[in-house]
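All remarks here apply to the structure that follows.
A short reminder: the numbers here are calculations on the coordinates, not readings from a lab. No experiment lies behind these values; they were computed from the predicted model shown. Virtual Cβ from ideal backbone geometry, glycine too; neighbours counted across all protein chains shown.
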Amino acid sequence: MDLSLNIEDYKLNIRAAAVIIHNNKILVHRNINENHCTLPGGRIAIGESSEQTVKREIKEEMGKETKIIEYIGTIENFFEMNQKKYHEILFIHKLEFTNEEDQKIDYTMKNIEGKEYLKYEWLELDKIDNYNIVPQCLKNILKSPNFPIHIINED
């Protein structure tokens, strides 16, 4: 069971996301029906750590094995989407693919769970400010030389 609860007029989500970088590009998750992208990951399941979650999500969505490199930080994220208020706790970990061939991937990947509206693409880190990444504070996290970072974000 995912850690996602409706409380009063809010939805509480506890999530984990991956920062995967190579060739000065970062992997992002995009719904082709939306105009923004975000880090790949998903909701934490009850009894599961954020590290376990992010590795599981990458395996389920892309079929790739990963390893945790470091803890990046946490975002307490408050936002509205589709006329619903969200309170999200997002744990961010830096990962890398364990397979050497997967570490060379620079093409857009499809979701292997059959969700054809999802794709995973690489964005140039040097141009990160030009992309619509949510939450927007991720851009500052990705530019930071020091981790971990804790941000309270209100969009």
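Just to be sure, is T98 touching a residue at least 24 places away in the same chain (Cβ under 8 Å) and surrounded by fewer than 17 Cβ atoms within 10 Å (Cβ to Cβ)?
Taking the combined requirement at face value, the residue satisfies it.
Among the numbered conditions (1) in contact (Cβ under 8 Å) with a residue 60 or more places away in the chain; (2) aliphatic (A, V, I, L, M); (3) out of contact with any Leu (no Cβ under 7 Å at 6 or more places or on another chain), tell me where M81 comes up short.
For M81, the failing item is (1).
Only residues that are within 14 Å of the chain's Cα centre (by Cα) and under 27 Å from T108 (Cα atoms): list them for segment 75-88, please.
Within segment 75-88, just I75 meets the criteria.
Hand me the list of strands (runs of 3 or more DSSP E) wholly inside segment 1-97 holding 3 or more residues that are in contact with a Ser or Thr (Cβ under 9 Å, 6 or more places away or on another chain) and closer than 24 Å to F147 by Cβ.
Working: elements: 4-7, 10-22, 25-31, 41-43, 66-81, 84-97.
Because the criterion is at least 3 residues that are in contact with a Ser or Thr (Cβ under 9 Å, 6 or more places away or on another chain) and closer than 24 Å to F147 by Cβ, the strands (runs of 3 or more DSSP E) in segment 1-97 that meet it are 10-22, 41-43, 66-81, 84-97.
Pick from segment 1-48 the residues that are loosely packed, with under 15 Cβ neighbours inside 10 Å and under 15 Å from the mean Cα position of the chain (by Cα): which of them is nearest to P135 (Cα to Cα)?
H36
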